[in-house]
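Here is the structure we will look at.
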Amino acid sequence: MESKAYIGLMSGTSMDGIDAVLVSLSDRSANLHSTCTLPYPDELRLRLERVSQNHGTPDEIGELDHVLGGLFGEAAERVLEGSSYSAKNVAGIGSHGQTVRHQPKSQAPFSMQLGDPNLIVERTGITTVADFRRRDMAAGGQGAPLVPAFHRAFFGKMGVDRCIINLGGIANFSWLPGNDPEAVCGFDTGPGNALIDAWCLHQTGRHYDENGRWAAEGTVNNALLNDMLSDGYFLQPSPKSTGKERFNLEWIRTVLARHEEVLPADVQRTLLELTVVTIAQQLPNSSGMRIYVCGGGVKNTHLFNELVRACAPIPVHSTEEIGLDPQWVEATAFAWLARQTLLRQPGNLPKVTGADGSRILGAVYWP
């Protein structure tokens, strides 16, 4: 099939900024032409964190939706400027938006992403697809994770069992069995960077623990780790998904209150171990599989090395080894999801999300 260019815009549960890609897509290939990251200002990050913890008014949510819509539009413009393409050469934009609440198991299930797509299409003049999660939820699904469908399309390989792990604010994986492409499964395992980053910011004023250096100074507190592992989410069967409304600084404080004083560096090391253990314990049991990791957590050297240790003897590599830089996998996934929508093809995997069937995802905003 002919390769066409799309823009993918993604901001994950780390709430640190927008990743943008300009990519040519065909059925099983992705060719990156331009990439950029637009960081959020500190004040915006704090406002988003507050809203994600239910501390925002309708006025503030509306204002943030507008502000983020402008920033997503700016990110699309920037990634386009970094290429030889013009807006008329781009078939569509896929904008995930910024998740501020994800409650798939509430009495009235919902998932809220901010970043008004009307502003994106007005600013760029490019057909924009957004609001990907709610159609799946309307069909009884969790609306997450959505990237396994993209992982299957681009990383699946007959005869080879692969597992794609995304280390975002929340960690998730896609299991791609080599003998049955229809048997793909995946779910959110729990915290990825979310708790590590929250504790680091609270204790040091830094938004993240660069290369895990601070965690490396500490020691795992086994009593604290076991208490954290007792959280009911980790024992839930799939399909399941979660977010910062559950795993946040208050969650850490609640658990710490049940223990005698623990050194801050030991808390950090224990939180890193929590991420590693909850991923490793929930992976499929396949001795012959190969693991590939993407997402911002790949930059955390200590986290990556501990994940390699926990998964041994199964080899763990970056997704770069199978064709896509780990930083840009999710943004590329939403470019692909926009393509699916515009081609009137489904974008969800019912076995992953729990939806009643395959659905065309997203709402289309025409120029």
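Of all residues being part of a helix (DSSP H, G or I) and closer than 30 Å to SER11 by Cα in the range 218-230, which is farthest from the chain's Cα centre (by Cα)? Just the residue, please.
Keep residues of the range 218-230 that are part of a helix (DSSP H, G or I), which gives 222-229.
Subset that is closer than 30 Å to SER11 by Cα: 225, 228-229.
On the way: LEU225: 24, MET228: 22, LEU229: 22 Å.
In this case the residue turns out to be LEU225.
Pick from the range 176-196 the residues that are part of a strand (DSSP E or B) and modelled with pLDDT of 95 or more: which of them is surrounded by the most Cβ atoms within 10 Å (Cβ to Cβ)? Full working, then the answer.
Of the residues in the range 176-196, the ones part of a strand (DSSP E or B) are 176, 185-191.
Keeping just the survivors that are modelled with pLDDT of 95 or more gives 176, 187-191.
On the way: LEU176: 26, PHE187: 24, ASP188: 28, THR189: 25, GLY190: 27, PRO191: 32.
Selected residue: PRO191.
In this structure, is THR127 assigned by TED's automatic domain parsing to the domain that holds LEU9, closer than 16 Å to LEU9 by Cα and among the β-branched types (Val, Ile, Thr)? Talk me through it step by step, then tell me what you get.
Working: assigned by TED's automatic domain parsing to the domain that holds LEU9: yes; closer than 16 Å to LEU9 by Cα: yes; among the β-branched types (Val, Ile, Thr): yes.
For THR127, the condition - assigned by TED's automatic domain parsing to the domain that holds LEU9, closer than 16 Å to LEU9 by Cα and among the β-branched types (Val, Ile, Thr) - is met.
Tell me, please, whether a residue that is over 16 Å from GLY12 (Cα atoms) and either basic (Lys, Arg) or assigned to a loop (DSSP other than H, G, I, E, B) (or both) can be found in the range 163-174. Lay out the reasoning, then the answer.
Within the range 163-174, the subset over 16 Å from GLY12 (Cα atoms) is 163-164, 174.
Those left that are additionally either basic (Lys, Arg) or assigned to a loop (DSSP other than H, G, I, E, B) (or both): none.
Checked the range 163-174: no residue is over 16 Å from GLY12 (Cα atoms) and either basic (Lys, Arg) or assigned to a loop (DSSP other than H, G, I, E, B) (or both).
Please verify whether ALA149 is surrounded by 22 or more Cβ atoms within 10 Å (Cβ to Cβ), in contact (Cβ under 8 Å) with a residue 24 or more places away in the chain and touching a Gly at 6+ places or on another chain (Cβ under 8 Å), treating the condition exactly as stated.
Working: surrounded by 22 or more Cβ atoms within 10 Å (Cβ to Cβ): yes; in contact (Cβ under 8 Å) with a residue 24 or more places away in the chain: yes; touching a Gly at 6+ places or on another chain (Cβ under 8 Å): yes.
Spelling it out, ALA149 is indeed surrounded by 22 or more Cβ atoms within 10 Å (Cβ to Cβ), in contact (Cβ under 8 Å) with a residue 24 or more places away in the chain and touching a Gly at 6+ places or on another chain (Cβ under 8 Å).
Can you pull out every residue in the range 231-250 that is assigned to a loop (DSSP other than H, G, I, E, B) and either of a type in the set (A, V, I, L, M) or more than 21 Å from LEU263 (Cα to Cα) (or both)? Please lay out each step first, then the result.
To start, the set of residues in the range 231-250 that are assigned to a loop (DSSP other than H, G, I, E, B) comprises 231, 236-248.
Listed by number, the residues that qualify are ASP231, GLN236, PRO237, SER238, PRO239, LYS240, SER241, THR242, GLY243, LYS244, GLU245, ARG246.
Would you check if there is a residue in the range 100-107 being touching a residue at least 40 places away in the same chain (Cβ under 8 Å) and either hydrophobic (A, V, I, L, M, F, W, C) or within 19 Å of TRP336 (Cβ to Cβ) (or both)? Please lay out each step first, then the result.
Restricting attention to the range 100-107, the residues satisfying the condition of being touching a residue at least 40 places away in the same chain (Cβ under 8 Å) are 100-104.
In the following step, the residues that additionally are either hydrophobic (A, V, I, L, M, F, W, C) or within 19 Å of TRP336 (Cβ to Cβ) (or both) were identified as 100.
Scanning the range 100-107, I find at least one residue that is touching a residue at least 40 places away in the same chain (Cβ under 8 Å) and either hydrophobic (A, V, I, L, M, F, W, C) or within 19 Å of TRP336 (Cβ to Cβ) (or both), so the answer is yes.
Is at least one residue of the range 31-46 modelled with pLDDT under 95 and in contact with a helix residue (DSSP H, G or I) (Cβ under 8 Å, 6 or more places away or on another chain)?
Checked against the condition, which is being modelled with pLDDT under 95 and in contact with a helix residue (DSSP H, G or I) (Cβ under 8 Å, 6 or more places away or on another chain), the range 31-46 yields no hits at all.
Identify all residues within the range 121-136 that are in contact (Cβ under 8 Å) with a residue 40 or more places away in the chain and within 30 Å of LEU195 (Cα to Cα); write none if there are none. Spell out the reasoning first.
Here is the first cut: in the range 121-136, the ones in contact (Cβ under 8 Å) with a residue 40 or more places away in the chain are 121-133, 135-136.
If the condition is that a residue be in contact (Cβ under 8 Å) with a residue 40 or more places away in the chain and within 30 Å of LEU195 (Cα to Cα), then ALA130, ASP131, PHE132, ARG133, ARG135, ASP136 are the ones that fit.
Can you pull out the residues in the range 340-354 that are crowded, with 24+ Cβ neighbours inside 10 Å and assigned to a helix (DSSP H, G or I)? Lay out the reasoning, then the answer.
At the first step, the residues of the range 340-354 found to be crowded, with 24+ Cβ neighbours inside 10 Å are 347-349, 352-353.
Within the range 340-354, VAL352, THR353 meet the criteria.
Within the range 216-238, identify whether any single residue is under 30 Å from ASP136 (Cα atoms), at pLDDT 95 or above, assigned by TED's automatic domain parsing to the domain that holds ASN300 and of a type in the set (Val, Ile, Thr), and answer yes or no.
No.
Can you name every residue in the range 69-125 that is over 30 Å from SER26 (Cβ atoms) and among the aromatic types (Phe, Trp, Tyr)?
Hit for the range 69-125 is PHE110, nothing else.
Restricting to the range 52-69, and then to whatever is in contact (Cβ under 8 Å) with a residue 60 or more places away in the chain and surrounded by fewer than 20 Cβ atoms within 10 Å (Cβ to Cβ), can you tell me which residue is farthest from GLU250 (Cα to Cα)? Spell out the reasoning first.
So the first thing to find is which residues in the range 52-69 are in contact (Cβ under 8 Å) with a residue 60 or more places away in the chain, and the list is 52-54.
Filter once more, keeping what is surrounded by fewer than 20 Cβ atoms within 10 Å (Cβ to Cβ): 53-54.
Details: GLN53: 9, ASN54: 13 Å.
Filtering the range 52-69 for residues that are in contact (Cβ under 8 Å) with a residue 60 or more places away in the chain and surrounded by fewer than 20 Cβ atoms within 10 Å (Cβ to Cβ), the one farthest from GLU250 (Cα to Cα) comes out as ASN54.
If you check every pair at least six apart or on different chains, which have Cβ atoms under 9 Å apart with a residue in the range 208-229 that is among the β-branched types (Val, Ile, Thr) first and a residue that is exposed (fewer than 15 other Cβ atoms within 10 Å of the Cβ) second?
So the pair list comes out as THR219/LEU263.
Just to be sure I understand, how many residues within the range 80-130 are under 22 Å from ALA5 (Cα atoms) and either within 15 Å of the chain's Cα centre (by Cα) or among the hydrophobic types (A, V, I, L, M, F, W, C) (or both)?
Here the count works out to 15.
Could you look through the range 251-266, keep only residues that are assigned to a loop (DSSP other than H, G, I, E, B) and free of Cβ contacts under 8 Å to residues at least 12 places away in the same chain, and pick out the one that is nearest to the chain's Cα centre (by Cα)? Write out each step before concluding.
So in the range 251-266, the residues assigned to a loop (DSSP other than H, G, I, E, B) come out as 257-263.
Among the residues that remain, those that are also free of Cβ contacts under 8 Å to residues at least 12 places away in the same chain are: 257, 260-261.
Values: ALA257: 30, GLU260: 34, GLU261: 33 Å.
Here the answer is ALA257.
Whether any residue in the range 286-293 is assigned to a helix (DSSP H, G or I) and either touching a residue at least 40 places away in the same chain (Cβ under 8 Å) or farther than 18 Å from LYS157 by Cα (or both) is what I want to check. Give the steps one after another, and end with the answer.
Narrowing the range 286-293 to residues assigned to a helix (DSSP H, G or I): none.
No: zero hits.
Among the residues of the range 278-301 satisfying the criterion of being surrounded by fewer than 21 Cβ atoms within 10 Å (Cβ to Cβ) and under 19 Å from ASN211 (Cα atoms), which is nearest to the chain's Cα centre (by Cα)?
LYS299
The values are calculated or read from the model by the stated rules, or taken from the named source; none is laboratory data. These numbers were taken from a predicted model, which means no experiment stands behind them. Virtual Cβ from ideal backbone geometry, glycine too; neighbours counted across all protein chains shown.
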